[in-house]
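Enquirer: Please find one structure pasted underneath; my questions will follow.
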Amino acid sequence: MTDISYNPIFPVVVGMAINPNRSESEISQILSMNYEDLSDQGFPHTTRVRNILNELPEIKSFIDEALEDYRKKVLGSRSGLRITTSWATKHINTTQFQYRHAHPNSIVSGTYYVKTALDSEPITFFNPSPAQYFVHWDQDKELTDRNPFTSTTIKFPCLDGLLLLYPSWIRSEEHTSELQSLRHLVCRLLLEKK
């Protein structure tokens, strides 16, 4: 048999880090904040508070440190990044759902899971390869789902204290059909050059 090596080219890099110093006081602070009701905007029983990281110095410090590492190792840039927008979303007594979307007005996006339910569905990222628009052939779903070269989606679990950093142009979504008092509490952020 011919020895063939397979090399991913132009990979999409998602940074993952677990906050080792989660502050119970900041978690309690986030849970007790006054959230904006978004039910009239098509998000039933979902609430949001904006620019949340301004009030959470310990979480912000963890995210800033991770961003600095991502900037150097992934972006290969000397230009600093700054958080332009941050918000928290709380899913209460409803399904958690984020439509498939991207953030075209920034460079890097981030998702930080403050508090999650044990059965929270993972966040799903969609393969940005243009190959999906060309000729298709019969594929075995079981083989393609586990294959980084052919899978159309990659899922990351929702874990307390998990930070994900990823290019803002990649599309993602989250959803589940389960109901729970607090599906999860997420901080999201958009970044641009300083």
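The values are calculated or read from the model by the stated rules, or taken from the named source; none is laboratory data. The model shown is predicted, which means the values in this text are computed figures rather than measured ones. Heads up, the Cβs are rebuilt from the backbone with ideal geometry, glycines too, and the neighbour counts pull from every protein chain shown. Just the protein is used for accessible areas: all its heavy atoms, side chains included, with ligands, DNA and RNA removed. Shrake-Rupley method; radii C 1.70, N 1.55, O 1.52, S 1.80 Å.
Enquirer: Kindly sort 137, 87 by accessible area of their heavy atoms, largest first, with the probe set to 1.4 Å.
Expert: Largest to smallest exposure gives the sequence 137, 87.
Enquirer: Could you rank 2, 111 by how accessible they are, 1.4 Å probe, largest area first?
Expert: Highest to lowest solvent-accessible surface, that is 2, 111.
Enquirer: Packing-wise, with mean Cβ within 10 Å as the measure, how do 14-26, 161-173 rank, highest first?
Expert: 161-173, 14-26
Enquirer: Using a 1.4 angstrom probe on the protein heavy atoms only, could you order 68, 58 from most to least accessible area?
Expert: I get 58, 68, largest accessible area first.
Enquirer: For the pair residue 64/residue 119, report the inter-label distance in nm, with labels modelled 7 Å from Cα in the Cβ direction.
Expert: According to this spin-label approximation, the distance is 4.0 nm.
Enquirer: Length gain on complete extension for the stretch residue 78 to residue 16, per 0.36 nm per residue less the alpha carbon to alpha carbon distance?
Expert: Gain on stretching residue 78 to residue 16: 20.2 nm.
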